[in-house]
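Student: Pasting a structure here, questions to come.
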Amino acid sequence: MTTIHNLGFPRIGAKRELKFALESYWKGESSRDELKSLGARLRKRHWENQAGLDLAPVGDFAFYDQVLDMSFTLGNLPERVQGFHGDPLDNYFRVARGRSAKGAEDHAACCGGVAAGEMTKWFDTNYHYIVPEFTASTQFELDASRLLEQLAEAKAQGVKAKPVIVGPVTYLAIGKAKDDSDKLALLERLLPVYGELLDTLAARGVEWVQVDEPLLVTELDTDWQHAFNIAYHQLKGAKVKLLVATYFGQLQENAYLAANLPVAGLHVDAINDRAGVQPLINLLPSHKVLSLGVINGRNIWKTDLTAVLDWIEPLAERLGDRLWIAPSCSLLHVPVDLASEQKLDADVKSWLAFALQKLEELRVLGKALRDGRASVQQALAANRAALAARRASPRVNDPAVQAAVAGLSADLGARASAYAERATKQAAHLKLPAYPTTTIGSFPQTAEIRHARSEFKAGRLDSPGYQAAMRAEIERSVREQEKLGLDVLVHGEAERNDMVEYFGEQLDGYAFSQFGWVQSYGSRCVKPPILFGDISRPKAMTVEWITYAQSLTSKPMKGMLTGPVTILNWSFVRDDQPRSVTCKQLALAIRDEVLDLEKAGVHVIQIDEAALREGLPLRKSQWKEYLDWAVESFRITANGVRDETQIHTHMCYSEFNDIIASIAGMDADVITIETSRSDMELLDAFENFQYPNEIGPGVYDIHSPNIPTQEHIVQLMRKAAERVPAERLWVNPDCGLKTRQWAEVIPALTNMVCAAKTLRAST
């Protein structure tokens, strides 16, 4: 009989219960025990949701991040928090966000506020993890308490538990050496702790452990390939069965390595690597389990169940009990429950499956394999009808949009003049000082803003009343920036719920959920819009707000837009045409907005491409194709303006060194990037690459409540000036300020502006 199992479940709760509990605790409004109790209730509910599976994951729940959980399990704590002796959960939050709860800080003489751990994207997803930190002297020591506690809860509930851990090789690969040491040299110290962990789980009656090694779908040099062999040959003596789980891509040249690791089973992402499954079966030893991820764990479209059965039924005949089926990856990346959606367009809703619906699809497939298709005949018929309706829907295809994309020409993406000539004209027009200051776009989304928005959506506040409320917030943002002495202002984005959803709501081809939240990091959740059809812009989206803000000040006002690549990568995107085509549709729509802003007298326009790197294929051999159409899409959006109009772009927490040439190819006049958490390490790329345009290295870590000092900002900017000419440097935070409080923002920006003045005085 085919085994059905799951790799991971969304931890935030169907109503974002975890988010609100975390934020309440951090503010000192609830106790640690209340937070832990909420976590236990969520785990219980999530295991109930997975009833009927042969194996359910345990350990996939985290209060902030599963990689950070693994660091604490392995005793790999940054030196700056090792002296803390209070509750481990508070130390955990210090690493995650620089501090824990208000009450806990009263007892933290050693490290009440510390530098938060660096944060970056989990492979090619929009989920952010806390980067493990290593030095040559790093030691590991097992603390299995978190995992054992969850395992005991699961067993008490009667769950058929499969503990989930990050694998040792992936753990080392995604971490960062804080000195010049070789991370792989730590493998010898790390493996005994993994072995101890596996033996501890075996002693608690565990049969299977899922060991996540997504690194296997990337290009590995011989040292890292050898590390896999070393690791799993050393761990093969464990008294549990290991299921090595790969996902997000194709094994390709690593197929032989993965197939022959001395483990009991291998999971592969059959959504991304279906063509590789048959060759893999031919490589797989006859005793080894093969788990196929046949349901997309990263997108929300219904699975074609009949097509999947047509494919895997012969495999089930061949492999028998050795065939397992599951989603392609953890369901962390999709919303919890489609049944919660009462306002979603009925047609679009009928085409979708969230986490609970994907588990039901898995159950249907499992029953069909065990008992025959006749046993699930009704479910298969309903599935076929929904898929057919989607394919035939006239709402999906717009001939005019398709013709516009087909007619794209190369000159549409070219500025009239080279950067050097544009820079001279922009300097004369904008008259900015050295080290000009700005912010990334958003200011705090206060309780008053959220209340006005919810009242407006509920119909209790009319449109003029809502407009007046948002204008008042915009005016507040402008006045605060003027008092601070910022050089280029923003309108604060009070009217925007989310940087992608806001635009999607005004574009044809999008639909929106009420409760389609997914975790981005910690308590930060996003609700990706659903891109189901061809994209067009019926009318201007931001011009009225930006021009109102500009009318309040004589200083330059930035127009704020989200770029096409980011809208694409942060949406649930249609799967019935190439992503490149969809991106170019978005580019044409946002280009129209850029040109309308310029016509309205806005001479600084920021087009955020926070997710550019996120869309990179995991294999470098596939990067060029993606980067070619991604950069082309940005240039189509940005490059219809006059030389005097200054185009900015912003990129969030990612490593950019290896794509710096493509970033330069975007030809934005100014780029702002995160460098505060990485201590300017991201600027190392500019030592060997002469980046031609202007750069704003983010000096204020907005994801931490800690307020940067003026001295710290000056220090960071002087580091930046060692790599980039001072005349091309801007001073800015590393991201938008919507998640912070005004009480934090004002002193932080005051220090930032004072730092810029200090820098000007020293040049």
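Student: Answer yes if at least one residue in the range 704-719 is open to solvent by less than 30 Å² (accessible area, probe 1.4 Å) and modelled with pLDDT under 85, and no otherwise.
Tutor: yes
Student: Answer yes or no as to whether Glu727 is free of Cβ contacts under 8 Å to residues at least 24 places away in the same chain, open to solvent by 40 Å² or more (accessible area, probe 1.4 Å) and charged (D, E, K, R).
Tutor: So Glu727 fails the test.
Student: Another question, then. Go through the range 612-661 and report how many residues are part of a helix (DSSP H, G or I), in contact with a helix residue (DSSP H, G or I) (Cβ under 8 Å, 6 or more places away or on another chain), under 30 Å from Ala428 (Cβ atoms) and not charged (D, E, K, R).
Tutor: Residues flagged as part of a helix (DSSP H, G or I), in contact with a helix residue (DSSP H, G or I) (Cβ under 8 Å, 6 or more places away or on another chain), under 30 Å from Ala428 (Cβ atoms) and not charged (D, E, K, R) within the range 612-661 amount to 6.
Student: Within the bounds of the range 209-224, is there any residue that is within 18 Å of Val164 (Cα to Cα), open to solvent by 10 Å² or more (accessible area, probe 1.4 Å) and not basic (Lys, Arg)?
Tutor: So far as the range 209-224 goes, yes, one or more of its residues are within 18 Å of Val164 (Cα to Cα), open to solvent by 10 Å² or more (accessible area, probe 1.4 Å) and not basic (Lys, Arg).
Student: Also, quick follow-up: Out of contact with any Cys (no Cβ under 6 Å at 6 or more places or on another chain) and without any contact (Cβ under 8 Å) to a residue 60 or more places away in the chain: which single residue out of Gln357, Gln402, Gln342 fits that description?
Tutor: Exactly one residue qualifies, and that residue is Gln357.
Student: Here is a follow-up. Name the residues in the range 368-389 that are without any contact (Cβ under 8 Å) to a residue 40 or more places away in the chain and either of a type in the set (D, E, K, R) or touching a strand residue (DSSP E or B) at 6+ places or on another chain (Cβ under 9 Å) (or both), would you?
Tutor: Result: Asp371, single match.
Student: Another question about this same structure. Out of (1) of a type in the set (D, E, K, R); (2) open to solvent by 20 Å² or more (accessible area, probe 1.4 Å); (3) touching a strand residue (DSSP E or B) at 6+ places or on another chain (Cβ under 9 Å), the odd one out for Lys358 is which?
Tutor: (2)
Student: Looking only at the range 316-330, count every residue that is open to solvent by less than 10 Å² (accessible area, probe 1.4 Å) and outside any strand (DSSP E or B) and tell me the total.
Tutor: 2
Student: Determine whether the range 398-416 contains at least one residue that is at pLDDT below 95, open to solvent by less than 30 Å² (accessible area, probe 1.4 Å) and either of a type in the set (D, E, K, R) or part of a helix (DSSP H, G or I) (or both).
Tutor: yes
Student: Further, regarding this structure: Please work out if Lys738 is within 18 Å of Cys652 (Cβ to Cβ) and either among the hydroxyl-bearing types (Ser, Thr, Tyr) or surrounded by fewer than 23 Cβ atoms within 10 Å (Cβ to Cβ) (or both).
Tutor: yes
Student: I've got another one for you. Cβ contacts < 9 Å: first residue closer than 25 Å to Arg363 by Cα, restricted to the range 36-54; second residue open to solvent by 50 Å² or more (accessible area, probe 1.4 Å) and basic (Lys, Arg), any location; separation 6+ or different chain. Result?
Tutor: The qualifying pairs are Gly52/Arg363; Leu53/Lys160; Leu53/Arg363; Asp54/Lys160.
Student: For the range 449-469, how many residues are open to solvent by less than 60 Å² (accessible area, probe 1.4 Å), in contact with a helix residue (DSSP H, G or I) (Cβ under 7 Å, 6 or more places away or on another chain) and among the hydrophobic types (A, V, I, L, M, F, W, C)?
Tutor: 4
Student: Considering only the range 664-674, I want to know if a residue exists there that is open to solvent by 40 Å² or more (accessible area, probe 1.4 Å) and acidic (Asp, Glu).
Tutor: Within the range 664-674, none of the residues are open to solvent by 40 Å² or more (accessible area, probe 1.4 Å) and acidic (Asp, Glu).
Student: Of the conditions (1) open to solvent by 30 Å² or more (accessible area, probe 1.4 Å); (2) closer than 27 Å to Arg11 by Cα, Leu184 satisfies every one except a single condition; which number is it?
Tutor: It is condition (2) that Leu184 fails.
Student: Is it the case that the range 677-684 has a residue that's closer than 26 Å to Ile130 by Cβ, touching a strand residue (DSSP E or B) at 6+ places or on another chain (Cβ under 6 Å), open to solvent by 10 Å² or more (accessible area, probe 1.4 Å) and of a type in the set (Lys, Arg)?
Tutor: Checked against the condition, which is being closer than 26 Å to Ile130 by Cβ, touching a strand residue (DSSP E or B) at 6+ places or on another chain (Cβ under 6 Å), open to solvent by 10 Å² or more (accessible area, probe 1.4 Å) and of a type in the set (Lys, Arg), the range 677-684 yields no hits at all.
Student: Then there is this: Does Lys36 satisfy being open to solvent by 50 Å² or more (accessible area, probe 1.4 Å), out of contact with any strand residue (DSSP E or B) (no Cβ under 6 Å at 6 or more places or on another chain), of a type in the set (Lys, Arg) and assigned to a loop (DSSP other than H, G, I, E, B)?
Tutor: no
Student: In addition: Across the range 331-375, what is the total count of residues that are within 19 Å of Glu48 (Cα to Cα) and in a loop (DSSP other than H, G, I, E, B)?
Tutor: Number satisfying all stated conditions: 6.
Student: If you don't mind, another one. Restricting attention to the range 271-290, and to residues there that are open to solvent by less than 70 Å² (accessible area, probe 1.4 Å) and either of a type in the set (Val, Ile, Thr) or more than 20 Å from Val308 (Cα to Cα) (or both), which single residue is farthest from the chain's Cα centre (by Cα)?
Tutor: Among those that are open to solvent by less than 70 Å² (accessible area, probe 1.4 Å) and either of a type in the set (Val, Ile, Thr) or more than 20 Å from Val308 (Cα to Cα) (or both), it is Pro285.
Student: Scan Leu142, Leu172, Leu147 and give me the residue that is touching a helix residue (DSSP H, G or I) at 6+ places or on another chain (Cβ under 6 Å), more than 19 Å from Gly52 (Cα to Cα) and either in contact (Cβ under 8 Å) with a residue 60 or more places away in the chain or surrounded by fewer than 18 Cβ atoms within 10 Å (Cβ to Cβ) (or both).
Tutor: Exactly one of Leu142, Leu172, Leu147 is touching a helix residue (DSSP H, G or I) at 6+ places or on another chain (Cβ under 6 Å), more than 19 Å from Gly52 (Cα to Cα) and either in contact (Cβ under 8 Å) with a residue 60 or more places away in the chain or surrounded by fewer than 18 Cβ atoms within 10 Å (Cβ to Cβ) (or both), namely Leu142.
The values are calculated or read from the model by the stated rules, or taken from the named source; none is laboratory data. Every value quoted in this text rests on a predicted model; they were computed, and no experiment measured them. Note that we place each Cβ from the backbone using ideal geometry, even for glycine, and neighbour counts take in every protein chain shown. For the accessible areas, the whole protein counts, side chains as well, though only heavy atoms, and no ligand, DNA or RNA atoms are used. Shrake-Rupley method; radii C 1.70, N 1.55, O 1.52, S 1.80 Å.
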